[in-house]
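In what follows, a single structure is set out as structure tokens and then discussed.
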Amino acid sequence: DNSTPREPGAPAATVRREFKDTAYWNASITTDANGEATLAIKLPDNLTTWRILAKAIAANATVGAAQSKVLVTQEIIARPALPRFGVVGDRFLAGVVTQNFSGAATTGDANMNADALVLLNGGNKGVTLDNGGSAAVNWTAVAAKSGTGLVTSTLQTTAGGDIVELPFPIKPFAVPDR
């Protein structure tokens, strides 16, 4: 393994693969006698600000509402930069936008692996990231076979890492039969 080693105490990268538009929805939550309820939910892997909305209706028709926010982020971020889909034979840039919010400059390697793509200039690419900085890393990709393949974007630095897995649809080179 020729990946960049982490400094002692740097968090290990976990694979982010569950991305949702809505983190949690429940139309019927029963509160206690004080009108309070406690929920424990597992948030998806999105790095975003989730908005929490709660609306309540009491048995006596009293209503209430509350709103709050929860920020989900991490210090080292790999953001895949891909088209929405490919067509067999397409040639395009597949990239990773790397970001560093660790508090200090860091160096490392970015990589991309893909089931249904051929990366013409594949392999690790070095990145140097100032604190608060970002850098784009690109590979030339060719859509090789139709179907849905898995694209894995990896960033490993001395300050930590990030791994993102996304499905990537590739359509056949054909004209729809109507």
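What follows draws every value from the coordinates through simple rules; no lab data is involved. Note that the coordinates shown come from a computational prediction; the quantities given were computed from them, not determined experimentally. Note: ideal-geometry Cβ built from the backbone for every residue, glycine included; neighbour counts use all protein chains shown.
Maximal additional length on extending the Val15-Ala56 stretch stands at 11.1 nm, based on 0.36 nm per residue less the C-alpha distance.
When you filter the trypsin sites (Lys or Arg not before Pro) in the range 9-48 for DSSP loop state and at most 16 other Cβ atoms inside 10 Å of their Cβ, you are left with Arg17, Lys20, Lys42.
Among the listed values (i) 38, 26, 12; (ii) 25, 23, 16; (iii) 51, 18, 12, the one matching semi-axes √(5λ) of the Cα gyration tensor in Å as calculated from this structure is (i).
Taking all Cα pairs closer than 8 Å and separated by 6 or more residues, the relative contact order of the range 1-134 comes to 17 percent. Extension gain for Asn124-Phe85 works out to 11.7 nm (0.36 nm per residue, less the C-alpha to C-alpha distance).
For the peptides 151-159, 32-40, 127-135, the ranking by packing is 151-159, 127-135, 32-40, with the highest mean count of neighbouring Cβ atoms within 10 Å listed first.
Other residues within the sphere of radius under 15 Å centred on the Cβ of Ile170, judged by their own Cβ, net out at +2 (K and R +1, D and E -1).
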